[in-house]
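Structure first, commentary second.
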Amino acid sequence: MTQNLADTSRPAAEPIAANGAASRGWWRDAVIYQVYPRSFADSNGDGMGDLPGVRSRLPYLKALGVDAVWLSPFYASPQADAGYDVADYRAVDPMFGTLLDADGMIRDAHELGLRIIVDLVPNHSSDQHEWFQRALREGPSSPLRERYHFRPGKGATGELPPNDWESIFGGPAWTRTVNPDGTDGDWYLHLFAPEQPDFNWDNQAVADEFRSILRFWLDMGVDGFRIDVAHGMVKAPGLPDLGGSDQLKLLGNDVMPFFDQDGVHDIYRAWRKILDEYPGERIGVAEAWTPTVQRTANYVRPDELHQAFNFQYLGTSWDAAELREVIDTSLDAMRPVDAPATWVLSNHDVTRHATRFANPPGLGTQIRTAGDRELGLRRARAATLLMFALPGSAYVYQGEELGLPDVTDLPDEVRQDPSFSRQAGQDGFRDGCRVPIPWSGTEAPYGFGPTVGGPSWLPQPAEWAGLSVEVQTGDPTSTLELYRSALTIRREHQDLGAGTSVEWLETPADVLAFRRGSFVCTVNAGAEPVRIAAPGRILLSSTEAVAVDGETVLPADSTIWWAV
């Protein structure tokens, strides 16, 4: 049942520039911190993070130096897919708190000068959503079935799925229903888990409902929406067969009949009009997995959304030539549509980059092995400084500022990723990047919850006691202080932040160097130190740099920022 909250209609805070003057386009250079609410801070000791916990840690995020906070779903949900199966889009799940908690969190964030972005899940609902439950109860004649993709099966008795589409989580993308009289019924489409039936966006009621949901949260004061599966809402007419199996390998390589269909852009043009009605520059951010950066740019044309995640950058190996290519391609694609490039290294769906870079290249973004953790952290620190130096907006996933690795040795019995137990889908190892983060103390849950020895929904490694916020604060060599310093410099330096291009400088093999006005960034992605002529004064370095015979030694797997 939808919760009610009186007097929620209010604007977001007006954007404020570093010098205190009002500015436009805050998202063009914003650093946005992703909070995975289950794993950020637990206020009541039940082992599950919640909104009061997030609220209590907002001063930490302000001090870290980020501009906005994006929260993964906290809506009412059976939690079949960690909240991405929404039963009520206007209610907070009791495990996370109440609408009053959400309201207080938004108000506190605005008082601190932080913006709040919430997840929106428009591709599918929970199978416990009122619409879907009524569609099942009322049977084949129910008009609510038009709001989802119900279809008769193939075969003599309808025993085969309507087409050959496969679920991203493994297995067929169709599940057969049972009619109210107990007979076999139609099938329904779910590109993810069976508990997540896909909406039919050709139905006007679906479009009307989501416009209303947007206004509900905008009236609450949120500053924007991260749109889950933004590329997935529209399906090709007739739901045609793909003509093959192992379809997951095709994702990201071609336009699919269920992903990146051109019709999604009409939806976002309608949403942009709503966002523009509200003060404070509210934004939309697309989670759009597309075959090319150029197709990603379609989502951020001037009359559509404001940002789109750059997954091509996230999937790039720690290699100088590959990095330069994806940086150029990204900037070139965004320039014609006047949108900022975005840069991201980790999120709640992929192996943390401290672990990805600890392993050999070419293993993808979901990795099961810990690799060389010292190497991975060194590369992760260097990659972070590179990312923060690039023109546009950057995303930080909670805990990466602590240098957290993925937890690759979670016992099977504690894993909760719904794709873990399904065949031929995603690897199902996303739990490793979702382990609750350590705040303080020497015993679990390391300040995640209020009680020493208290529970956490996923177990934390013992070695995380040495990676906590408390331990790293004030240590000039820590990853946390590196992030704090980098974000301070980024905010204060006139040539960092928004922009559309970089000036590449001549470098040895395995080295990248670019200028942005009076700022230079040098990156050694190779395994050996390299001597370079110092272009200026060192502002920040991911590792200790040494001057030798008038030159600077750029250590292996390191990045240096310079003032010139």
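The values are calculated or read from the model by the stated rules, or taken from the named source; none is laboratory data. A quick note: this is a predicted structure, and the numbers were derived from the prediction, not measured. As a convention, Cβ positions derive from the backbone with ideal geometry for all residues, glycine included, and neighbour counts pool all protein chains shown. Ligands, DNA and RNA are stripped out before the accessible areas are found, and what is left, the full protein with its side chains, is counted by its heavy atoms. Shrake-Rupley method; radii C 1.70, N 1.55, O 1.52, S 1.80 Å.
Taken together, the residues in segment 188-234 that are touching a His at 6+ places or on another chain (Cβ under 7 Å) and of a type in the set (D, E, K, R) amount to 1. When segment 24-39 is limited to residues that are out of contact with any strand residue (DSSP E or B) (no Cβ under 9 Å at 6 or more places or on another chain) and assigned to a loop (DSSP other than H, G, I, E, B), the one that is farthest from V285 (Cα to Cα) turns out to be R24.
Summed over segment 179-203, the residues that are touching a strand residue (DSSP E or B) at 6+ places or on another chain (Cβ under 7 Å), more than 16 Å from V234 (Cα to Cα) and not in a strand (DSSP E or B) give a count of 2. Each residue in segment 539-558 was checked for being under 17 Å from A383 (Cβ atoms) and open to solvent by 80 Å² or more (accessible area, probe 1.4 Å), and 0 of them qualify.
Taken as a whole, segment 217-226 holds no residue that is over 23 Å from the mean Cα position of the chain (by Cα), in a loop (DSSP other than H, G, I, E, B), farther than 15 Å from D119 by Cα and touching a residue at least 40 places away in the same chain (Cβ under 8 Å).
Evaluate segment 365-388: report whether one residue or more is in contact with a Cys (Cβ under 9 Å, 6 or more places away or on another chain), within 23 Å of L482 (Cα to Cα) and in a loop (DSSP other than H, G, I, E, B). Within segment 365-388, not a single residue is in contact with a Cys (Cβ under 9 Å, 6 or more places away or on another chain), within 23 Å of L482 (Cα to Cα) and in a loop (DSSP other than H, G, I, E, B).
Restricted to segment 532-552, and to residues there that are more than 24 Å from F357 (Cβ to Cβ) and assigned to a strand (DSSP E or B), the residue that is farthest from the chain's Cα centre (by Cα) is V548. Do the conditions hold for V264, that is, is it at pLDDT 95 or above and open to solvent by less than 60 Å² (accessible area, probe 1.4 Å)? Spelling it out, V264 is indeed at pLDDT 95 or above and open to solvent by less than 60 Å² (accessible area, probe 1.4 Å).
When every residue of segment 414-433 is checked against the conditions, none turns out to be within 27 Å of Q366 (Cα to Cα), at pLDDT 95 or above and open to solvent by 30 Å² or more (accessible area, probe 1.4 Å). So which residues in segment 461-472 are in contact (Cβ under 8 Å) with a residue 40 or more places away in the chain and open to solvent by less than 30 Å² (accessible area, probe 1.4 Å)? Residues satisfying the conditions are P461, W464, S468, V469, Q472. Residues that are under 21 Å from A297 (Cβ atoms) and among the acidic types (D, E) within segment 323-380 comprise E325, D328, D332, D338, listed in sequence order. Note on segment 496-538: residues that are among the charged types (D, E, K, R), surrounded by 16 or more Cβ atoms within 10 Å (Cβ to Cβ) and on the phi < 0 side of the Ramachandran plot total 2. Filtering D108, D29 for residues that are closer than 26 Å to G454 by Cβ and at pLDDT 95 or above leaves a single hit, D108. Within segment 324-342, one or more residues are among the small types (G, A, S), within 23 Å of V511 (Cβ to Cβ) and surrounded by 16 or more Cβ atoms within 10 Å (Cβ to Cβ). In segment 473-492, the residues that are crowded, with 16+ Cβ neighbours inside 10 Å reach residues that are modelled with pLDDT of 95 or more and of a type in the set (F, W, Y) with C-beta atoms within less than 8 angstrom, at least six apart or across chains, in these pairs: A486/F388; A486/W561; L487/F388; I489/W561; R490/F388. Scan segment 169-178 for residues that are open to solvent by 10 Å² or more (accessible area, probe 1.4 Å) and part of a loop (DSSP other than H, G, I, E, B) and report the count. Going through segment 169-178 one residue at a time, the tally reaches 1. Against the list (1) modelled with pLDDT of 95 or more; (2) surrounded by 16 or more Cβ atoms within 10 Å (Cβ to Cβ), the condition Q366 fails is (1).
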